[in-house]
């Protein structure tokens, strides 16, 4: 995992079936690259818990985030109506978002970020 470009450190906990990656600032590592590396190492990817800087995008009524540096775009599901409103009112601005990207065997499905927290980036 540490050989992926942009990974600062990796801690693998085999008993828990979990890897924790600390990424370098300005990295360009995508969730797809991490999951592919997990497969290459003989394991099955699972849900990913992430925190990332992202721009909030509204496409019609569709709420999405575009991760800074990678341009990965995720459909958004939110934990509460207030969080949904915070993100919608911040469309076009950067946020630090935290949440889970569920693992989906259907690689053609649009990836989803289940956002549990979002804070606007202040200059």
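Kindly establish whether residue 85 is surrounded by 11 or more Cβ atoms within 10 Å (Cβ to Cβ), outside the structural domain of residue 3 (by TED's automatic domain parsing) and assigned to a helix (DSSP H, G or I). Against the criterion (surrounded by 11 or more Cβ atoms within 10 Å (Cβ to Cβ), outside the structural domain of residue 3 (by TED's automatic domain parsing) and assigned to a helix (DSSP H, G or I)), residue 85 qualifies.
Within the range 66-82, the set of residues being crowded, with 19+ Cβ neighbours inside 10 Å and assigned to a strand (DSSP E or B) comprises 67, 74, 76, 78. Selection over the range 41-56 of residues that are touching a strand residue (DSSP E or B) at 6+ places or on another chain (Cβ under 8 Å), over 11 Å from residue 67 (Cβ atoms) and surrounded by 14 or more Cβ atoms within 10 Å (Cβ to Cβ) gives a count of 2. For the range 52-65, check the following and say yes or no: at least one residue is farther than 14 Å from residue 103 by Cβ and in a loop (DSSP other than H, G, I, E, B). The answer is yes, given that some residue of the range 52-65 is farther than 14 Å from residue 103 by Cβ and in a loop (DSSP other than H, G, I, E, B).
The values are calculated or read from the model by the stated rules, or taken from the named source; none is laboratory data. Everything numeric here is computed off the predicted structure, so don't read it as measured data. For neighbour counting, all protein chains shown are included, and Cβ atoms are generated from backbone atoms with ideal geometry for every residue, glycine included.
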